[in-house]
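*Asks:* Can you keep this structure in mind? I'll have questions shortly.
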Amino acid sequence: MTSGLRAIVAGPAAGWVADGERYFAERLAGVTDERFAEPSRLTGWTRAHLVAHAARNADALIRLVDWARTGVESPMYADPQARAREIEKGATLPAAQLRAEAADASARLAAAWAALPEKAWSARVRSALGRDIAVSETLWMRAREVWVHGVDLDAGGSFADLPADVVAALLDDATTTLTQRGAPDVLLHPTDHDGGWRLGAADITAGTTVALSAPAHRLLAWVLGREAAPGPDPAPSLPRWL
């Protein structure tokens, strides 16, 4: 991410993207070609699926950036099934080709952002889920993909590696989304962060509310469905985040 782009886009997301892309690339470099077919930490996906997704996600975000730049509608995917088809097709490619495609797509996305005129950063586009968003949100959309899937590669990374502000932003994102999807009442008390998060109504006076306390990165791993809930007591099941 260029310094010029950091100046154009307010907030930390541009830096999160650059650092997250580096994190994903470093974890991927530790995976031999033979291990691409092995399961990742994301249920149902191999490491090849994750790398294919990283490449195709960058392509999809480029389409949104092009939409903002030209004013010509360019959806992330042609139809609701296109994302899954692209990932499944990519997962069958040779590991060397997948590596190259992921690196190339990441570089093209950075170039697309860098070429976007300042006035276009507020242009409205539509996410794959149909949300009306400013194109500047694509920075966060990419940041969360590379940080989370860098851990999902199961190549020596963990959520403890993530910067504290990225963990907090992911908890903001995930708890909001899961609450909208009917998550049960849960209060999250991080032991290493001021304040906390909640899922559902999460009224502390309600007898049915569950409270979990742990470092923020462990709470995040549970909220994202990557690890069991921290603590000895059982926790409720959560909807899928993304």
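The values are calculated or read from the model by the stated rules, or taken from the named source; none is laboratory data. What you see is a predicted model; the values in this text were computed from it and never measured. FYI the Cβ positions are ideal-geometry reconstructions off the backbone, even for glycines, and counts take in every protein chain you see. Just the protein is used for accessible areas: all its heavy atoms, side chains included, with ligands, DNA and RNA removed. Shrake-Rupley method; radii C 1.70, N 1.55, O 1.52, S 1.80 Å.
*Asks:* Checking Pro94 against (1) modelled with pLDDT of 95 or more; (2) more than 19 Å from Glu34 (Cα to Cα), which single condition isn't satisfied?
*Replies:* If we test Pro94 against (1) modelled with pLDDT of 95 or more; (2) more than 19 Å from Glu34 (Cα to Cα), just (2) comes out false.
*Asks:* Would you check which residues across the stretch 120-137 are open to solvent by 50 Å² or more (accessible area, probe 1.4 Å) and assigned to a strand (DSSP E or B) and list them?
*Replies:* Arg124, Arg126, Asp132
*Asks:* Residues Ala96, Ala110: which one is part of a helix (DSSP H, G or I) and within 19 Å of the chain's Cα centre (by Cα)? Outline the logic, then answer.
*Replies:* Details: Ala96 fails: within 19 Å of the chain's Cα centre (by Cα).
Within the list Ala96, Ala110, the selection yields Ala110.
*Asks:* Go through the stretch 10-41 and give me each residue that's assigned to a loop (DSSP other than H, G, I, E, B) and open to solvent by 20 Å² or more (accessible area, probe 1.4 Å).
*Replies:* Let us first name the residues in the stretch 10-41 that are assigned to a loop (DSSP other than H, G, I, E, B), namely 10-12, 30-32, 38, 40-41.
Ala10, Gly11, Pro12, Gly30, Thr32, Glu38, Arg41 - these are the residues of the stretch 10-41 that are assigned to a loop (DSSP other than H, G, I, E, B) and open to solvent by 20 Å² or more (accessible area, probe 1.4 Å).
*Asks:* Could you tell me which numbered condition Glu118 fails, if it satisfies all but one of (1) under 19 Å from Arg22 (Cα atoms); (2) at pLDDT below 95?
*Replies:* (1)
*Asks:* May I pose another question? Applying the selection to the stretch 170-201, what residues are open to solvent by less than 60 Å² (accessible area, probe 1.4 Å), among the hydrophobic types (A, V, I, L, M, F, W, C) and over 14 Å from the mean Cα position of the chain (by Cα)?
*Replies:* Leu178, Ala183, Val186, Leu187, Leu188, Trp197, Leu199
*Asks:* Here is a further query. For the list (1) of a type in the set (A, V, I, L, M, F, W, C); (2) without any contact (Cβ under 8 Å) to a residue 12 or more places away in the chain; (3) open to solvent by 20 Å² or more (accessible area, probe 1.4 Å), I need the number of the one condition that Leu93 fails.
*Replies:* (2)
*Asks:* Something else: Condition check: open to solvent by less than 30 Å² (accessible area, probe 1.4 Å), in contact (Cβ under 8 Å) with a residue 12 or more places away in the chain and not small (Gly, Ala, Ser). Does Arg47 satisfy that? Don't jump to the end; show me each part of the working.
*Replies:* On the way: open to solvent by less than 30 Å² (accessible area, probe 1.4 Å): yes; in contact (Cβ under 8 Å) with a residue 12 or more places away in the chain: yes; not small (Gly, Ala, Ser): yes.
Yes.
*Asks:* Within the set of pairs 6+ apart or on separate chains, which have a first residue in the stretch 222-241 that is touching a residue at least 12 places away in the same chain (Cβ under 8 Å) and part of a loop (DSSP other than H, G, I, E, B), a second that is β-branched (Val, Ile, Thr) and surrounded by fewer than 18 Cβ atoms within 10 Å (Cβ to Cβ), and C-beta atoms under 7 Å apart?
*Replies:* Trp241/Thr177
*Asks:* Sticking with this structure for a sec: Which one is farthest from Pro12 (Cα to Cα) among residues in the stretch 155-169 that are crowded, with 18+ Cβ neighbours inside 10 Å and not aromatic (Phe, Trp, Tyr)? Steps first, please.
*Replies:* Quick first cut of the stretch 155-169, residues crowded, with 18+ Cβ neighbours inside 10 Å only: 155, 157, 159, 162, 166-169.
From what's left, not aromatic (Phe, Trp, Tyr): 155, 157, 162, 166-169.
Numbers: Ala155: 26, Gly157: 22, Leu162: 14, Val166: 9, Val167: 13, Ala168: 12, Ala169: 10 Å.
So, considering only residues that are crowded, with 18+ Cβ neighbours inside 10 Å and not aromatic (Phe, Trp, Tyr), the one farthest from Pro12 (Cα to Cα) is Ala155.
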